[in-house]
Amino acid sequence: MIAALAVAPVVLITLLIGLRGVAAMRTTSDFLVASRRVSPLLNSAAVSGEYLSAASFLGVAGLVVKDGLGALWYPVGFTAGYIAMLALVAAPMRRSGALTVPDFAEARLASPPLRRLAAVAILVIGGLYLVPQFRTAGLVLSVVSGSQYWVGVVIAGVVVAVTLALGGMRAATYVQAFQFCLKLVLFIIPAIWLLLRVGPDVRQEAVNPTEFTHFGHDTAVTFRTAVTVDITTPTTVRDTAGGELTMPVGEFQIAAGSEYIFPEGAAVPGLKGQTPPGGAGWERPLIDVQGEGYPLLGTWAVLLATMLGTMGLPHVLMRFHTSPDGRAARRTAALTVVLLSAFYLFPGIYGVLGRVLVPQLYLTGATDTAVVALPSQVDDGAWGDAFTALLTAGAFASFLATSLGLLLVVSGAISHDLLAGGLRQLRVTVFLAAVAVVLLALPAARLDAGILVTWGFTVAASTFSPLLVLGIWWPRLTAAGAIAGVAVGLLATAGAIVMTLFGSPVHGWLAILVAQPAPWSVPLAFGTMVVVSLFGRPPPWTTTAMLRLHLREQPERDLGHSTFGLDRSSTVRRMVRRFVR
Amino acid sequence: MSVLPGQDPAARSWRPLKRGALATLGVAMRVAGDVAGGLSGPRVRAAVRGVRRLLEVDGTGLADLSGRLEWVGQTPSGVDVMSLVEDVLHSETKAGRLPTVALPLHARDELSGVLVVAGASRMGPVRDVADWISDALERNRLEAMADQAAQAELRALRAEISPHFVYNALTVIASLVRSDPDRSRELMLDFADYTRYSLARHGDYTTVADEFHAIETYLALQRAVLGDRLRVQIRVAPEVLAVAIPYLVLQPLVENAVRHGIEPRSRSGLVQVRGEAEGSDCVISIEDDGVGMDPAVAERVLAGHGRSDSVGLTNVDRRLRNVYGSWFGLVVETAPDAGTRVVVRVPMFQPGVMP
């Protein structure tokens, strides 16, 4: 019920703005195109709207509950990426006129194999980014509607498909900007309400973390996936049918879909390789990757990946094309930092409150649902339901905005760069891509959204970041060098991810370098690109291409008209001047 | 020399002939390529060397119209080559006699150079080679002319402001000068903008924003001329404003919609221009609810067999295909009395297309 109430309006409004967004700009007489130029603020809202995914809305708070305050470095990296983008990529990329990295590769190096390789990298990045979106949306829907995880994922897939079919192909700036405002409001207001509502005890506890060892009250825990827990003292739990079950000391298998009520005062079962929320090191502001120690290395690995990866995210890069010129693109990036910073002040609040109020989520691996689970813990009346619905709507808006953009980019890469085809094929590809992502998301329930998304960033940092940075700033780059660098970066990161997911476990600093390969894969990709390029000869048009990337565009023609007098009388024109200035 | 792949022994019987013929063909092709820059171009020397190899003579030379001779091989004794060249340049006929002859090279019946051969034994092959070079020169001249024609066509399209429209616009403005000076001033500025954009010399590409701006000024003027008969709706999504498109692609289509859709009938009509992104394509449609036409007529117009005054549609279609490939031509949906809809679809990014 709550799910329907929360999801339906978001989808409806998204569709309405998508369909009417173009129509809303109709004028009959005093219309002036210049006034429709997207201002940097609007565009940065659109960038943020597309960028703030379910991983940001839910994942960061979930990671804080599970791993500790160090997880707040993730949003720092997500935001700081725009500073790297601002300084290195935004303006030249806009001047190149390219929409995507394959386009850029084509414009700068004119190499079809590089174009196809870049498209493959887009598929990998898009996959790593999309799967957690669908996974988290499914998880949240299943939590609020009390259904199975796979039902939630399928519902999310159906909603995306319907939205795309009914006009979501336009990926309009106004829709994304609106989504950002929606997310911001739906994230901030519940946070403030929660802070005011929880009372002084909880607030006190929130800032003085203690380890979660015993259940503070009778707690129902729903296991949506199978878990092996470690019991230290015999624990008697009730199941939903009223029967009692005593878990013996030792390892205990809990089947997927079972729900138990742990009585007040019962000892919390342990999970292999994880410390419960609030345990030792929880409040340390560094990231402990997989609990292997070396927190400084882990933190730097995550920061490097997220900072350099942002510039390679295909759906974000596309947004900068909407800026009228390179200067506006740079301003857009700068304003995006501000807008994202405002948003990222709040996951921490949900995180620390979640540790106090819903620590049991860590047992089920569903800490990503902490944000949505909070209101009902604070208020079991109508207000709690209302805020749960609001947060679900926000989470779903995040999921929808990012998934639509990414699905379009991914299917664009398939139908445009890998196969030749027109729009008809694009429509088919979009749906096939959505189905593929739903299928991939089904077995991914236990993988944290924040981790998967960071892997997406890592791949981007090891492939597109060297390609863009060297392509823009180093005239000697050759097509062979770029291909070698991207291929090495892609293979290195993909190999590390496969090792982490399916390989035999390793320990110590090696484990960190396998789970977060950015510290070695990024320099490796850069190095390969430079060394291979030095053996070759840059293409003869390099100077022309570089000049186009770095010289300022001509002054805007329609405004430079001598006849476009600044003293023209109509209001619209006065507004234009303000817009454009 | 040409490279033959494979060393199949069965092929040995015919190879010598083929090799010789292919080699000759290869040299001839290279000569044709080398004179592509003209007879005073940078690769004339290579061409002369090729000619000498073709004719297997002691020495050959090519001279351009200024009489500057590029010579390869032995200079013939007892003959003043330079005076032969001068003779040919003045008489435009063959000069000298075997073994040293000079032949004029004509391209499109115009003298464009001189071929001099020393040590030739027969006249036939020398004439053939002279004809071959003349043909190559002529082809280059034709290609250049085709380019010029395309450029001129584009320029002609730019300059194609209907005199009728200019007259009407200026009359309307004049009639408003006393009663509504502000409006007439606005219109005057619109007119200036319009002519500036249509006539000014720009690059080959512009942005959708500039093109829409031109449409606006045009439609503002037409609305002044046609009054209530013309209603206009322009909708454009901000994503596509920065997309680069060929210069003056949309404006002729809008002019068509007004001139052939709305003007011929007495009732009022609506012209809608929409621009939006679809995936990685930019789709712009120009729609009028005017008289429309028979689809067969539209097909003929697009194929270039329409009336001479509707050259705009064909031109736009050809330029779009030229720039973006054959997939991206115009799409015209029309029927008699059902209005006309012209759809332009271009990729948002195409290498080489920059405003």
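So which of A:ALA255, A:ALA241 ends up being surrounded by fewer than 15 Cβ atoms within 10 Å (Cβ to Cβ) and farther than 22 Å from A:ASP368 by Cβ?
A:ALA241
Within the group B:ASP289, B:ASP281, B:ASP294, which residue is in the same structural domain as B:GLU216 (by TED's automatic domain parsing), surrounded by fewer than 19 Cβ atoms within 10 Å (Cβ to Cβ) and touching a residue at least 24 places away in the same chain (Cβ under 8 Å)?
Residue meeting the stated conditions: B:ASP294.
All but one of (1) at pLDDT 85 or above; (2) within 26 Å of A:LEU407 (Cβ to Cβ); (3) at the interface with chain A (Cβ under 9 Å from one of its Cβ atoms); (4) buried (at least 22 other Cβ atoms within 10 Å of the Cβ) hold for B:ALA237, so report the exception by its number.
(1)
Hey, any hits in segment A:338-352 for a residue that's among the aliphatic types (A, V, I, L, M), in contact (Cβ under 8 Å) with a residue 60 or more places away in the chain, closer than 30 Å to A:MET93 by Cβ and within 14 Å of another protein chain (Cβ to nearest Cβ)?
no
Provide a single number: the residues in segment B:312-354 that are within 17 Å of A:HIS416 (Cβ to Cβ), out of contact with any Gly (no Cβ under 8 Å at 6 or more places or on another chain), among the aliphatic types (A, V, I, L, M) and part of a loop (DSSP other than H, G, I, E, B).
1
Please state which one of B:ALA107, B:ALA136, B:ALA130 is over 30 Å from B:ALA220 (Cα atoms), modelled with pLDDT under 85 and surrounded by 18 or more Cβ atoms within 10 Å (Cβ to Cβ).
Of B:ALA107, B:ALA136, B:ALA130, the one residue that is over 30 Å from B:ALA220 (Cα atoms), modelled with pLDDT under 85 and surrounded by 18 or more Cβ atoms within 10 Å (Cβ to Cβ) is B:ALA107.
If you check A:LEU432, A:LEU442, A:LEU418, A:LEU406, which single one turns out to be within 11 Å of A:GLN133 (Cβ to Cβ) and more than 12 Å from chain B (Cβ to nearest Cβ)?
Answer to the selection: A:LEU406.
What number goes with the only condition from (1) within 9 Å of another protein chain (Cβ to nearest Cβ); (2) in contact with a Gly (Cβ under 8 Å, 6 or more places away or on another chain) that B:ARG185 does not pass?
(2)
Working only within segment B:276-287, note down all residues that are within 22 Å of A:VAL175 (Cβ to Cβ) and more than 8 Å from chain A (Cβ to nearest Cβ).
Hits for segment B:276-287 are B:CYS282, B:VAL283, B:ILE284, B:SER285.
Can you name the residue in segment A:306-328 that is surrounded by 24 or more Cβ atoms within 10 Å (Cβ to Cβ) and touching a Pro at 6+ places or on another chain (Cβ under 8 Å) and is also farthest from the other protein chains (Cβ to nearest Cβ) among such residues?
Going through the qualifying residues, I end up with A:SER323.
A:LEU69: of a type outside the set (Gly, Ala, Ser) and touching a Pro at 6+ places or on another chain (Cβ under 8 Å), yes or no?
When the stated conditions are applied, A:LEU69 passes them.
Out of segment A:268-290, which residues are surrounded by fewer than 15 Cβ atoms within 10 Å (Cβ to Cβ) and out of contact with any Leu (no Cβ under 6 Å at 6 or more places or on another chain)?
A:LYS272, A:GLY273, A:ALA280, A:ARG284, listed by residue number.
With (1) under 30 Å from A:MET318 (Cβ atoms); (2) within 12 Å of chain A (Cβ to nearest Cβ); (3) surrounded by 19 or more Cβ atoms within 10 Å (Cβ to Cβ) as the list, and B:PRO246 as the residue in question, which single condition is left unmet?
(2)
Among the residues of segment A:402-421, are any surrounded by fewer than 20 Cβ atoms within 10 Å (Cβ to Cβ) and at pLDDT 85 or above?
no
Where in segment A:283-381 are there helices (runs of 4 or more DSSP H), lying fully within it, with 2 or more residues that are in contact with a Gly (Cβ under 9 Å, 6 or more places away or on another chain) and small (Gly, Ala, Ser)?
Fully inside segment A:283-381 and qualifying: A:295-310, A:347-357, A:370-378.
The values are calculated or read from the model by the stated rules, or taken from the named source; none is laboratory data. Since this is a predicted model, take the numbers as computed values, not measurements. Neighbour counts are summed over all protein chains in view; Cβ atoms, including those assigned to glycine, are modelled from backbone coordinates with ideal geometry.
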